[in-house]
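The structure appears right after this line, and notes come after that.
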Amino acid sequence: MPAYSFILNKKPVTAEAPADLRVLWVLRDLLGVTGPKYGCGLDQCLACTCLVDGRAFASCSTPVSEIAGHDI
């Protein structure tokens, strides 16, 4: 399984996950971050909103492979 490294709340982290696993599940299930919530799973309700490099994104519809190397 590939490992993805990124900055999470100003700390470097690495998570081993399939490339298509959504960021929401990496944050909640693998890293224990419970702030973003599961809502609709369709990028509509914005309950899962996080910031990547200072810009809002829906973590329920973004694969972890797209955030590697970024600041969350």
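Would you please give the residues with an amide H less than 5 Å from that of V52, counting only those at least 5 places away or on a separate chain, with H modeled from the backbone geometry?
Residues meeting the criterion, in which the H sits 1.01 Å from N, are F57.
Find, among the trypsin sites (Lys or Arg not before Pro) in the chain, those assigned to loop by DSSP (not H, G, I, E, B) with at most 11 other beta-carbon atoms within 10 angstrom.
Working: sites: K10, R22, R28, K37, R55; in loops: K10, K37.
Passing sites in the chain are K10.
Can you check what the net charge comes to around V64, using other residues whose Cβ is under 9 Å from the Cβ of V64 (Lys, Arg +1; Asp, Glu -1)? Numbers along the way, then the final one.
Values: positive: R22; negative: D20, E66.
After counting each charged neighbour, the total is -1.
Residue by residue through region 38-50, what is 3J(HN,Hα) from phi via Karplus (6.51 cos²θ - 1.76 cosθ + 1.60, θ = phi - 60°)? Round to whole Hz and write x for glycine and proline.
Result, ordered by residue: 7, x, 9, x, 10, 6, 10, 8, 6, 5, 9, 4, 10 Hz.
Measuring with a 1.4 Å probe in the full set of protein chains, what accessible area per residue, in whole Å², belongs to the chain? If you can, show how the numbers build up before the last one.
Values: 4330 Å² over 72 residues.
Roughly 60 Å² per residue, with all protein chains present.
Considering only protein heavy atoms and a 1.4 Å probe, what is the carbon-and-sulfur percentage of the accessible area of the chain?
Values: 2280 of 4330 Å².
The C+S portion of the solvent-accessible surface of the chain is 53 percent.
Given a cut-off of 20 Å, what percent of all Cα-Cα pairs of the chain lie beyond it? Each step should come with its number before you reach the end.
On the way: 436 of 2556 pairs.
So the portion of pairs separated by more than 20 Å is 17 percent.
Where does the charge balance sit around P18 when Lys and Arg score +1, Asp and Glu -1, over other residues with C-beta under 14 Å from its C-beta?
Details: positive: R22; negative: E16, D20, D29, E66.
My count for the surroundings of P18 gives -3.
The values are calculated or read from the model by the stated rules, or taken from the named source; none is laboratory data. Just so it is clear, the model here is predicted, and its values are computed rather than measured. Positions of Cβ are backbone-derived with ideal geometry, glycine not excepted, and every protein chain shown enters the neighbour counts. Side chains are part of the model used for accessible areas, which takes the heavy atoms of the whole protein and leaves out ligands, DNA and RNA. Shrake-Rupley method; radii C 1.70, N 1.55, O 1.52, S 1.80 Å.
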